[in-house]
Amino acid sequence: MQPNMSPAKPRPADNNSHGLYGQDILSVKQFTPPVLDYIFSVSEEMRTLVERFGSADLLQGKIMTNLFYEPSTRTSSSFMAAMQRLGGQVIPINSVQYSSVSKGESLADTVRTLECYADVIVIRHYEAGAAAEAAHWASKPIINAGDGVGEHPTQALLDAYTIQRELGRIDDLTVGMLGDLRFGRTVHSLTRLLLNRNVTFRFISPRLLRMPEEIRDEVTEADGTFTEHEDLEEVIGEVDVLYVTRVQKERFTDLGDYEKVKGAYIISPETLTRARQEMVVMHPLPRVGEITYEVDNDPRAAYFRQMQNGLYIRMALLATVLGRA
Amino acid sequence: MQPNMSPAKPRPADNNSHGLYGQDILSVKQFTPPVLDYIFSVSEEMRTLVERFGSADLLQGKIMTNLFYEPSTRTSSSFMAAMQRLGGQVIPINSVQYSSVSKGESLADTVRTLECYADVIVIRHYEAGAAAEAAHWASKPIINAGDGVGEHPTQALLDAYTIQRELGRIDDLTVGMLGDLRFGRTVHSLTRLLLNRNVTFRFISPRLLRMPEEIRDEVTEADGTFTEHEDLEEVIGEVDVLYVTRVQKERFTDLGDYEKVKGAYIISPETLTRARQEMVVMHPLPRVGEITYEVDNDPRAAYFRQMQNGLYIRMALLATVLGRA
Amino acid sequence: MQPNMSPAKPRPADNNSHGLYGQDILSVKQFTPPVLDYIFSVSEEMRTLVERFGSADLLQGKIMTNLFYEPSTRTSSSFMAAMQRLGGQVIPINSVQYSSVSKGESLADTVRTLECYADVIVIRHYEAGAAAEAAHWASKPIINAGDGVGEHPTQALLDAYTIQRELGRIDDLTVGMLGDLRFGRTVHSLTRLLLNRNVTFRFISPRLLRMPEEIRDEVTEADGTFTEHEDLEEVIGEVDVLYVTRVQKERFTDLGDYEKVKGAYIISPETLTRARQEMVVMHPLPRVGEITYEVDNDPRAAYFRQMQNGLYIRMALLATVLGRA
C-alpha cells in the first residue's frame, strides 16, 4: 500500500507548489524539508490568526469526519477544534464499536460511505496500515491520526514544530528520548522526521524498552549519530531536547525489573538542575507521574505549549489539504 | 396514533403548496405523487448546491437534534452532514442508554425537553410507532429515521430518488427485490412507495424470508403485479432494478438451510452478465459479502451513488420542514 | 479551594460592572443580588433573540468544551444548544471513561490540555469540588454543570429565573420543596440562592429525606423562616412555589417505609385543587411518576417552561463570561 493511490485525487503539481492539496497525510515520509517548512509557516499563520481573532472562516462550509476506531479524546478534540477554528464543521464518530463497522462492514466501504458526506476524513485505527488502506479507497483526503504501531504523523509534526518554536531550529541538535522507546510510536516518528538534520540522538531507556533495531538502523543509514543509555544522568547535561515518554508497568514481565527502573525516569526540578538552561522538556501527554507537577513552572517545560502547537499544526494541515492554504 | 396531531404545528395549507412546512416526516404514506415530485426537485437543487458550492446557509441558526435510541452511524452521519451542509448545527444524542431516558423518563417528556433546545428532531428508535408517538407530543417537526420494524421513510425516499436518477422514472418498471424480504424494513417501505406506479415486482428470497403477506396484499389491492422466486436466475434478465439486501445467518434456525441458500444470493460480475445493460444494482448498505467488490466497477452498481443521494434527500427534507424550501 | 484563583484570569473589575467576564461559574454564592439581576436581564434579552431570530452570532468563532465525567443528556444538550444558538461551536466529551482520564491523567492536566483548544469549559463531575479544582488550574473560564453532591449553579439560576418569570419576583414568597430534600442537589442550591429574600420555606419530605441540618442552619443564620412537614396537605394551600423532586426507592433500606410515603408525594390535578391559583409547580426533570401527566395541562405546571429557561440562562452565562454581554 502506498499513499495517494486513488486516481480521483488531484495530482500534486496541479495547483500548488507544496503538493498537499487534495492529498492524504499518512506518513512522516511525506514531509520533505520544503514541505515541512511550508507546514510550519502555515502553522505560524494559524497561531497569529487564533491569537488575534480566535477563529477564521477559511473552511466555512467544509465538513471533516473524525473516524476513531479507538478512543483518543485528546487527538479527536484537537482535530475538532482545528476544524471549528477555521469555520468548518465536524461529524464525530467515536464509538465505532457500535457502528455498522462492527456489523462486519469493511473499512473500504465505511470510508466510501463517509466520503459521500464529508470533505476530509481523519482516521484513528488500532491497526498499522489502516490509514493507507482507507486512503487507497477514498477520493477525499485522509489524515492519519494514528494507526496502531504504525504512524502518527501529525504528532511528529507538532513535536518537530515545537522544537522549531522553542529552539529556533530542528537541525544541529542533541535530542534525548527517554522512557519507553520500544513501543512509543511518537519517538519513532519524531526520530524519522529528524533524520538528515545533523541531530545527535541520545536514547535513554530500560534495556527491555530500547529503541527498535529498525529505527536505529535508519539513523545509521542516514549518517546520523545515536548512543544508548540506561541512566539519564549520563546525558542530562548535554541535551537540547528531552522528550519524555511513559514507562508502563504492563510492559514488564518481572515487576522487580519495573521497580528498579521506574524511579530513574521521573523528571523533577532536581533533575533539571543538571540540565542546560536553553533546553526544553517535551511529553506527548497524558503523563502519569513521569514528570512531577513542580516541573510545570520551569520555563523549560514545553509540554503544554506542545499541546497548543498541535492545534496550529492541525489547522495548517486541514487548510492545506482542502486547498485554502 | 396519527401523524401531526399536535395542534401547535402549522396546518399544511398555511403557507406552502407541498404541505410539509412544520410537519413531521413519519411514513411513506405521506409521499403522494406531487409531494414526491416536490422532494425530488428540491433534492436536485441540493445536489447542484453541494456540487457547486459545497454548502449553503439556508438553515444557519437552526438546530437539529439527532435522538438515536439505537446506533446507526450511517443514518446519523447522513442527517448530520445534511444539516451542516445547509449551515445548521446538530445536537447528537447517540447513547440514549446512558441518558435520562434510561432513568425511566418517558419518550413524551424527552421529546418535550429536547424541543426546548432544537428546531427539528430526528429520531431513531427500536420500537415501531415511536416516531409517531414522539410527533404526537412535540410541537417541532419530528423526522422518523427508522422505528424498529416500522418505517424508515427517508431510506425509501432516497431509494426511489436513486431509481429516478438512474433510470429517469419510477413508473413502469420491473423491480427485483432480493434477500431477506421478511425482516428487511427498506424493501417494505420501497414497495409501498412504488404502488400505483405500474411497477412489476419480483420478490426473490428463501422461502423462510418471503415478503410478508401484508405487503403482498397491499400490492394486490393497488392492482399491482408481483411474483415470488427462490432463484434469482428466473428474473435476472428482465429486472430494471435489483435491490439487494442481506440474508442474515441469525434468521435461520437450521443452519443447513442457510448454507443451502446463501450462495444463491451473492451478486458477482458473473451474475451481472445475464442482467440487462440498463439496469441498476442497489443496496441499503452495509453489505457483508452479498455483493462482491468486483461489482463496484460495473456502471450498473448504484449503491454508493445511492448513499450520496441520501445526503440530498435529507437536505431537501430538512430545508422543507423548516420552511426554507 | 476558592473560585477564580487562577492569576491568568482577568480581574473582575477589569472591563465590566457585573464582574463575570473571564470568570468561572462555580457556586451560587457568586450570585449576589446585582449579579443575579444582571444575569436575569441578559437572559431576557436571549429569550427575545431566540423568539425573534432563532439565533445570533455573538459567539461566532468561540469554542466550548462539554467535559462530562458523568452522563447528563439534558444538561449537556442545553449547554450545547446555548452555545450553538449564539453562533459558537462545541467539542462534546461525553464518555470520559474511555478517554485519557481513565488512563490516569489528573483533572489538572486534562483541563490544561482542553483549554488549549477551547474558550470555555463546561464541566460535570461526580465529585464535589471538581469544578473548583478545574478552575484553579485553568486560565479559561470554567462553568460548573454539577459536581457530585456539591453544586449545580446553573440549575439554581434557571430555577430562580423561572420563579421570577412566573411570579414577577423572587422575594417575599412562600416556597415549598417536596420529596427528597436530603440528596436533592437542586433544592439545596435553590434554597441558598433564596436566602436573605424574605422567603418562607416549607420543607416537605419523608423523615429519612429531610433537608440537611447544614442547609437548615444556613436559613436560620440568614434570619430566614422554615418549617418541616411530612404531609403536603399542611402547606399545599399557602405555597407560591411547589418545587417537586423525585423520591427514589433506592434511598430506603426498609421498602415498607418507601411504600408508605411514596403516594403522599405524587402531584395530581386533585392535589392542585387545594393549591393557590397563582402558584407554580416546578420540577428539575426527569420525572418518573411524581407529577402525573394530567397536571401538564394546568397553567400552573411550569416545568417545561423551566426547561426552556435553562437555555436562556446558559446563553446569558456563556455570553457574559466570554465578554459579549
Original post:
How far apart, in nm, are two points set 7 Å out from the Cα along the Cα-to-Cβ line at residue B:108 and at residue C:169?
Top reply: 3.6
Subject >> Spatial separation of Cα centroids for the range C:15-57 and the range B:67-89, in angstrom >> reply: 31
**OP:** Using a cut-off of 11 Å between beta-carbons, work out the net charge of the residues near residue C:260 (Lys and Arg +1, Asp and Glu -1, residue C:260 not included).
**Re:** -2
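Which whole-number percent is the relative contact order of chain A (Cα, under 8 Å, 6+ apart)?
Working: 600 pairs, mean separation 63.4, N = 325.
This gives 20 percent for chain A.
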Subject >> Sequence ranges B:245-252, C:27-34, A:307-314, ranked by mean other-Cβ count within 10 angstrom, highest first >> reply: A:307-314, B:245-252, C:27-34
Subject >> Most mobile of C:81, C:131, C:222 in a GNM of chain C (Cα contacts under 10 Å) >> reply: C:222
**OP:** With the Cα gyration tensor of the range B:27-86 in hand, give its eigenvalues times 5 under a square root as the equivalent ellipsoid semi-axes, listed largest first in whole angstrom.
**Re:** 21, 20, 11
**OP:** Sum up the charges of everything whose Cβ sits under 15 Å from the Cβ of residue B:148, counting Lys and Arg as +1 and Asp and Glu as -1, but leave residue B:148 out.
**Re:** -2
Subject >> For residue B:212, inter-copy label distances in nm, listed shortest first [label point 7 Å out on the Cα-Cβ vector] >> reply: 5.3, 5.3
Original post:
Near residue A:117, within a Cβ-to-Cβ distance under 13 Å, what is the net charge of the other residues, with Lys and Arg +1 and Asp and Glu -1?
Top reply: +4
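Quick one: order A:208, A:322, A:178 by neighbouring beta-carbon count within 10 Å, fewest to most.
A:208, A:322, A:178
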Original post:
Hey, got the average number of other protein chain Cβ atoms within 10 angstrom for residues in C:82-92?
Top reply: 5
**OP:** Along Cα→Cβ, 7 Å out, is where each label goes; now give me the distance between the ones at residue A:70 and residue B:305 in nm to one decimal.
**Re:** 4.0
Subject >> Within the range C:168-196: backbone nitrogen closer than 18 Å to the residue C:41 label point (7 Å, Cα to C-beta) >> reply: C:168-171
Original post:
Which whole number gives the average, over all residues in B:115-126, of C-beta atoms from other chains lying within 10 Å of the residue C-beta?
Top reply: 3
Original post:
Between copies, how close do the residue C:53 label points come, placed 7 Å along Cα→Cβ, listed in nm from shortest?
Top reply: 2.0, 2.0
Original post:
Stokes-Einstein at 37 °C, 0.692 mPa s, Kirkwood radius from Cα pairs: D for the range B:154-307 in µm² s⁻¹?
Top reply: 213
Subject >> Above-threshold pairs, the threshold being 29 Å between Cα atoms, out of B:140/C:262; A:29/A:260; B:29/B:62 >> reply: B:140/C:262; A:29/A:260
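What Kirkwood hydrodynamic radius do you get for the protein assembly as shown when you take the inverse of the mean 1/r over all pairs of distinct Cα atoms, in Å?
For the protein assembly as shown, the Kirkwood estimate is 30.8 Å.
Determine one quarter of the surface area of the Cα convex hull of the range A:107-156, which equals its mean projected area, and express it in nm² to one decimal. Don't skip to the answer; put the middle values down first.
Working: hull surface 12.1 nm².
Mean shadow area of the hull around the Cα atoms is 3.0 nm².
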Subject >> Cβ-vector label at 7 Å, residue B:297, separations to other copies in nm >> reply: 6.7, 6.7
Original post:
Given charges of +1 on the Cβ of Lys and Arg and -1 on the Cβ of Asp and Glu, with all other atoms neutral, how large is the dipole of the range C:177-284 about its Cα centre, in debye to the nearest 20?
Top reply: 360
**OP:** Take the alpha carbon gyration tensor of chain A, find the square roots of its eigenvalues, order them as a ≥ b ≥ c, and report rounded if a/c is under 1.5; if not, report prolate when a/b exceeds b/c, else oblate.
**Re:** prolate
Original post:
Expressed as an acute angle from 0 to 90° and rounded to the nearest 10, what is the orientation of the C-alpha long axis of helix A:73-85 relative to the principal long axis of chain A?
Top reply: 50
**OP:** Provide the descending list of Cα extents for the range B:231-325 along its principal axes, expressed in whole angstroms.
**Re:** 53, 35, 22
Subject >> C-alpha center-to-center spacing [the range C:106-172, the range B:166-215] in angstrom >> reply: 54
Subject >> Ratio Rg/Rh [Cα only; Rh per Kirkwood] for the range C:129-240 >> reply: 1.01
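Every number here is computed from the coordinates shown, using simple stated rules; none is lab data. As the structure is a prediction and not an experimental result, all values here were calculated from the model. Neighbour counts are summed over all protein chains in view; Cβ atoms, including those assigned to glycine, are modelled from backbone coordinates with ideal geometry.
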